[in-house]
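Before any comments, here is the structure.
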């Protein structure tokens, strides 16, 4: 059987494609995507990023989930490095202390019951063009709520004196369930809102315990990877200007190891009643349906791993007697090899990515904290190089000890940005571009665009009432009703 979304061969019993993770309908007629004319490959670095984001298969990650995506990834990573519990090796105590301390810090920072609030300022240079933002923020991730106000000015630096230029403007954005509001008279004369994709109901589900979801992911990987095998050796590494003697703990992530991980992950997570309960609330599916879905992912990932032609990947962790110094992932795909290093200095952390031995991304961030009577003054200085861009600057956060979350309420006359007239879309896009130098308005419109809208070439199945439609260079699944309604509106 073949997936109607990405066109790859999948097992006949699967319910999800192991490559693009789309649901599989065995009754759909397959349409060969190779007959579709490929769009011209972009050459500009910014256009490459936009083209990547516009691809249908890259839109499956819900924007709302992006708020916790980095957090979840870190939890998984911490789960990976918490597995060293074999005897009294030097890494055992270090890892357990490191994981415990870091996990507590992350949950206290991102998932406190009373949230976070305060003031911020951001001064940055993007390819030598300087700008400055400042305002206030309110964040209560456990309730999936955030609000951000900002005033922006372009600046020039002459003889170490910052001079504000005339392109100043103010805006405010906040998230209410799955509606993202933007308020700026400099952009448009009314509030705008975007209806964000929320396929898993993460944003709109009520009474959802985000901590249970995060803990479920963390506990699952921590428990599963305790059973994994690893090798140890000694190695000298350089972090910044420091040369360090470290222990290297290495995992070989070959097919057998990956299959073992998947098997153990499914076993542990199916037995995690708290995680299953929360995921059931979020998706609106019964617990039995959640279990069946998880088992479906197991079969599809097993199929993908067994049929992969990629060589083994490696996870390497470098520790001293006192601390974790570096985490390295050598990720081998069927086409490319990525060497991803996360190194921890005293106050500066480094992220370096090589693709096929060539420099790809280089990122450093220096952190300084100062205790204040009413909160913490944190400065993050950063330099990013990648995609032919250089971005540097300072982010200053003044976080309150006692957060005061001032919740916004939806404006009654707010307008759905997607439903603006074409003339008004051009006006807003031009305003955004003239003030910010980049038209994110059109890109966001494209992202929230209903998947089954527009001029689609579809092949429909009368028995299932579904259609396989060509959208650009890929396929999407729509119902016949959606296609008919779109044609009527057109």
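The values are calculated or read from the model by the stated rules, or taken from the named source; none is laboratory data. Nothing here was measured: the structure is a model prediction, and the numbers come from that model. Glycine also receives a Cβ, built like all others from the backbone with ideal geometry; neighbour counts cover every protein chain displayed.
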Original post:
What is the number of the single condition among (1) touching a residue at least 60 places away in the same chain (Cβ under 8 Å); (2) out of contact with any strand residue (DSSP E or B) (no Cβ under 8 Å at 6 or more places or on another chain) that residue 305 does not meet?
Top reply: (1)
**OP:** Please enumerate the residues belonging to segment 271-290 that are touching a helix residue (DSSP H, G or I) at 6+ places or on another chain (Cβ under 6 Å), assigned to a helix (DSSP H, G or I) and crowded, with 16+ Cβ neighbours inside 10 Å.
**Re:** 275, 276, 278, 279, 280, 290
Subject >> Residue selected from segment 308-361 under the condition within 17 Å of residue 238 (Cβ to Cβ) and touching a helix residue (DSSP H, G or I) at 6+ places or on another chain (Cβ under 7 Å), by the criterion surrounded by the fewest Cβ atoms within 10 Å (Cβ to Cβ) >> reply: 323
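Please enumerate the residues belonging to segment 228-250 that are in contact (Cβ under 8 Å) with a residue 40 or more places away in the chain and under 26 Å from residue 267 (Cβ atoms).
228, 230, 249, 250, listed by residue number.
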Subject >> Residues that are farther than 15 Å from residue 346 by Cα and assigned to a strand (DSSP E or B), drawn from segment 238-254 >> reply: 245, 246, 247, 248, 249, 250, 251, 252, 253
Subject >> Every residue from segment 186-197 that is surrounded by fewer than 18 Cβ atoms within 10 Å (Cβ to Cβ) and either touching a strand residue (DSSP E or B) at 6+ places or on another chain (Cβ under 8 Å) or in contact (Cβ under 8 Å) with a residue 60 or more places away in the chain (or both) >> reply: 186, 190, 195
Original post:
Only one residue in 473, 466, 479 is modelled with pLDDT under 85, in contact with a strand residue (DSSP E or B) (Cβ under 7 Å, 6 or more places away or on another chain) and exposed (fewer than 15 other Cβ atoms within 10 Å of the Cβ). Which one?
Top reply: 479
Subject >> Yes/no for residue 259 being buried (at least 17 other Cβ atoms within 10 Å of the Cβ), at pLDDT 90 or above and more than 23 Å from the chain's Cα centre (by Cα) >> reply: no
Original post:
Any idea which residue in segment 409-426 is farthest from the chain's Cα centre (by Cα), counting only those that are assigned to a helix (DSSP H, G or I) and loosely packed, with under 15 Cβ neighbours inside 10 Å?
Top reply: 423
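Counting only residues that are in a helix (DSSP H, G or I) and exposed (fewer than 14 other Cβ atoms within 10 Å of the Cβ), which one in segment 97-129 is modelled with the lowest pLDDT?
My answer is 97.
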Subject >> Exclusive hit being farther than 19 Å from residue 149 by Cα and touching a residue at least 60 places away in the same chain (Cβ under 8 Å), set 424, 394, 398, 442 >> reply: 424
